[in-house]
Amino acid sequence: MDANRIRHTVAFRLRHGAGSAEEASFLAEAASLAAIQGVEAFEILRQVGEKNDFDYGISMEFADRAAYQGYNEHPAHVRFVQERWLPEVADFLEIDYAAR
């Protein structure tokens, strides 16, 4: 990974039951974040290990800090966080990486 690139990751657990319509709706809307300019290598992942209580992960990459900042400030991302993430996510861990 290029030293300027940023990999933004978040592991999370929803308040919704597994397999519920609410869970599917949340994940579908989360997937729409991939369309924001600057987002690359977007993935929604299901957690399969037993070492934590998280159920899902989202991972995406950005070419540089400017692209990452643009994503954070994008109206679609801000709206998703306010309208979906904050009320529907029970717990999460966010980690951003850059190459050494």
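The values are calculated or read from the model by the stated rules, or taken from the named source; none is laboratory data. Predicted model only: the values in this text are computed from it and were never measured. Glycine gets a Cβ as well: all are built from the backbone with ideal geometry, and neighbour counts include every protein chain shown. Keep in mind that these areas ignore ligands, DNA and RNA; they rest on the heavy atoms of the full protein, side chains included. Shrake-Rupley method; radii C 1.70, N 1.55, O 1.52, S 1.80 Å.
By a 1.4 Å probe calculation restricted to protein chains, Phe42 has an accessible surface near 50 Å², given to the nearest 10. Annotation for the range 51-89: trypsin sites (Lys or Arg not before Pro) lying in DSSP loop with at most 13 further Cβ atoms inside 10 Å of their Cβ are Lys51. Annotation: peptides 9-17, 90-98, ranked by per-residue average of other Cβ atoms within 10 Å with the highest first, follow the order 9-17, 90-98. Seen against the Cα atoms of the chain and their longest principal axis, helix 21-31 is set at about 0 degrees. Across the chain, the relative contact order, built from alpha-carbon pairs under 8 Å that are at least six residues apart, equals 49 percent. Relative to the current alpha-carbon distance between Arg79 and Leu93, full extension at 0.36 nm per residue lengthens the span by 3.1 nm.
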